[in-house]
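Step one of this worksheet: look at the structure below.
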Amino acid sequence: MSLQFDFPAGLTTERFIAKLGNMARTQLVSRQYSLKTYYDSFDWRLYTKGITCEFNRSKAASTLLLKSLENDLIIASTEIKEVPAFSQQFQAEEIRNILAPVLEMRALLPVCTLDYETYHLNIINNDEKTVVRLTLEEHELFNNRVTLQPIRGYDKAAEHIIEILTAKLGLMPTNKPLLLTALKLQGRKPNDYSSKLAINLDPDMRADIAAKYIYSHLLKAIKDNEQGTIADTDSEFLHDFRVAVRRTRAGLSQLKGVLPDNITAHYTEFFSWLGQSTGSTRDLDVYLLNFTEYKNTLPASIRADLDPLHDFLAAKQQKAQKELAKKLRSSKYLSTISEWEQYLKEQAPLKPVEPNAKLTIKQLADRRIWKSYKRVLREGRAITEQSPSEALHELRKSCKKLRYLMEFFQSLYPENQIKHLIKNLKGLQEVLGSFQDYAVQENKLKLFSEEMLNNNIHANTLLAMGVLIQNLDTLRCNARNDFSSKFAAFKQEENQSAFKSLFTAKA
């Protein structure tokens, strides 16, 4: 197992090598310029799972290392010329198996790069045999570091060198990844982006000021994901972009009488346009992300027949992506987003005239969440086995609005209670979402098959798509059947009492 040591301040590499040479037989094997680039997804999925990914380049070799964040020990390594964007593109199975379940659809992106000099030193004995290997990293901006690699059979030699390094040369054992130091120098922190909503509100904050604060938080998420969406870096940029847009729309529609009516109307229209503009690309992203799952629902003998559908979807996605990128570079988008940002930065009026602006945000949150919850109950109770699909779709939209309100204002309520209620709501949302998604996918695939029929697609592909459509229809029916039990769990007396006690005004 390799061990790492940080140099004390002021000890240069040259002095270190000279001093060590006076106490042990050293052999300088090589000295070379090196680059170390750390990679992670945009939302820090590797870091969150306790993994660092570093790509070390020099003239001698280029190596990718996965290390434990806790102790900087190597988990897996592979020699590669460049880092692929996605986990499934790695040839090394060990690396692929570690990264794929963590990164999923997210791309690996460079987080920061360090340049340094690498010295490879061998400690040799009287028989001219190497007994310990040392790798020195000489950095300009922070303390140098040495990695000691013991060699089997020479444990005493390793112990002797460790004694020299620590007791006589003043080096300190470390297991802290250089990533944390490098980020600090750049003024960054790990997990500086997360798609999770975490807005801390003061319960006594005036409602119009708090609303602006919420919208500013959502605008930051939109802008954070803007360039990744335009570049199509990975599908999650657009997903997070759309979620922030939907949350903004939900806020504007649910928090009425807080901002001036003309402002609310203008930006409701804009964010509605933005939601529609991004919809087609996101739908196609989802089809491509689900494609392997689609194939696996088919009999093995006809799975390959579905491959032309993937090519068809990929071509449509690229076309839709270009149209989306054009809209996000348009003057309509750029000027309106800029105007929205400026409006949110403006100081709120001392005496607002809007009917709900002077309420505390806690008062408004209680009212809106309770009203939204009662609507969900009312719509859910009205659904029977004979109800049309549209009724479930409307309920799904109502649940989504309720969920967004609860997430906006969760800091105003006891954490364990609000999270429990959100979790219950998620269970209902999932079955409603599945029902809607399967229905939309089923209808879209029918339209795609008609479109592909005009492009001389082989009959076997159309037959495979027909089987897939039948499978989706079965899943849709199953989701519809699951609705009753999910809604029954959501409307149970215990859950209703919890909502009432948390969100109705206290006497």
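The values are calculated or read from the model by the stated rules, or taken from the named source; none is laboratory data. Predicted model, so just to flag it, every value in this text is computed and none were measured. Because the Cβ atoms are built from the backbone with ideal geometry, glycine has one as well, and the counts that use them run over all protein chains shown.
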Which numbered condition Lys326 misses (of (1) modelled with pLDDT of 95 or more; (2) closer than 30 Å to Lys446 by Cα; (3) more than 26 Å from the chain's Cα centre (by Cα)): (3)
Matching residues, region 169-197, being in contact with a Ser or Thr (Cβ under 8 Å, 6 or more places away or on another chain) and part of a loop (DSSP other than H, G, I, E, B): Pro177, Asn191
Matching option when the condition is at pLDDT 90 or above, assigned to a loop (DSSP other than H, G, I, E, B) and under 42 Å from the mean Cα position of the chain (by Cα), among Ala100, Ala107: Ala107
Test result for Thr268, farther than 23 Å from Tyr213 by Cα and either touching a Phe, Trp or Tyr at 6+ places or on another chain (Cβ under 9 Å) or in a helix (DSSP H, G or I) (or both): no
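Only one of Tyr213, Tyr193 is free of Cβ contacts under 8 Å to residues at least 24 places away in the same chain, of a type outside the set (A, V, I, L, M, F, W, C) and more than 30 Å from Val146 (Cα to Cα). Can you tell me which?
Within the list Tyr213, Tyr193, the selection yields Tyr213.
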Residue check for Ala211: part of a helix (DSSP H, G or I) and more than 30 Å from Val258 (Cα to Cα): no
Options Thr63, Thr78: the member that is touching a Leu at 6+ places or on another chain (Cβ under 8 Å), surrounded by fewer than 17 Cβ atoms within 10 Å (Cβ to Cβ) and free of Cβ contacts under 8 Å to residues at least 40 places away in the same chain: Thr78
Filter result (of a type in the set (D, E, K, R) and out of contact with any Lys or Arg (no Cβ under 6 Å at 6 or more places or on another chain)) within region 283-318: Asp283, Asp285, Glu293, Asp305, Asp307, Asp311, Lys316
When residues of region 81-114 are limited to those that are of a type in the set (Gly, Ala, Ser) and either buried (at least 16 other Cβ atoms within 10 Å of the Cβ) or free of Cβ contacts under 8 Å to residues at least 40 places away in the same chain (or both), the one nearest to Leu28 (Cα to Cα): Ala92
Only listed residue being in the same structural domain as Glu236 (by TED's automatic domain parsing) and not in a helix (DSSP H, G or I), chosen from Lys332, Lys351: Lys351
Hits in region 62-90 - residues which are within 23 Å of Phe5 (Cβ to Cβ) and either outside the structural domain of Leu114 (by TED's automatic domain parsing) or of a type in the set (A, V, I, L, M) (or both): Leu65, Leu66, Leu69, Leu73, Ile74, Ile75
Qualifying positions in region 222-242 - surrounded by fewer than 21 Cβ atoms within 10 Å (Cβ to Cβ) and of a type in the set (Gly, Ala, Ser): Gly228, Ala231
Flag if Thr63 is farther than 30 Å from Asn22 by Cβ, in contact with a helix residue (DSSP H, G or I) (Cβ under 9 Å, 6 or more places away or on another chain) and not charged (D, E, K, R): no
Failed condition for Arg247, given (1) among the basic types (Lys, Arg); (2) surrounded by fewer than 21 Cβ atoms within 10 Å (Cβ to Cβ); (3) assigned to a helix (DSSP H, G or I); (4) in contact (Cβ under 8 Å) with a residue 60 or more places away in the chain: (2)
Scan of region 393-411 for residues that are touching a residue at least 24 places away in the same chain (Cβ under 8 Å) and either among the charged types (D, E, K, R) or surrounded by fewer than 21 Cβ atoms within 10 Å (Cβ to Cβ) (or both), ordered by number: His393, Arg396, Ser398, Lys400, Lys401, Arg403, Glu407, Ser411
Unmet requirement for Gly187, which otherwise passes all of (1) of a type outside the set (D, E, K, R); (2) surrounded by 14 or more Cβ atoms within 10 Å (Cβ to Cβ); (3) more than 15 Å from the chain's Cα centre (by Cα): (2)
Looking only at region 355-366, and only at residues there that are assigned to a helix (DSSP H, G or I) and out of contact with any Ser or Thr (no Cβ under 9 Å at 6 or more places or on another chain), the one that is farthest from Ser497 (Cα to Cα): Ile361
Test: Glu117 is touching a helix residue (DSSP H, G or I) at 6+ places or on another chain (Cβ under 6 Å), among the charged types (D, E, K, R) and under 20 Å from Ser30 (Cα atoms): no
Flag if Leu136 is within 30 Å of Gly153 (Cβ to Cβ), in contact (Cβ under 8 Å) with a residue 60 or more places away in the chain, touching a helix residue (DSSP H, G or I) at 6+ places or on another chain (Cβ under 9 Å) and crowded, with 18+ Cβ neighbours inside 10 Å: yes
Members of region 351-405 that are more than 33 Å from the chain's Cα centre (by Cα) and basic (Lys, Arg): Lys351, Lys358, Arg378, Arg381
Ala479 vs. criteria aliphatic (A, V, I, L, M), touching a residue at least 60 places away in the same chain (Cβ under 8 Å) and outside any loop (DSSP other than H, G, I, E, B): no
Region 284-313, residues that are surrounded by fewer than 14 Cβ atoms within 10 Å (Cβ to Cβ) and in a helix (DSSP H, G or I): Thr292, Glu293, Asn296, Ala300, Ser301, Ala304, Asp307, Asp311
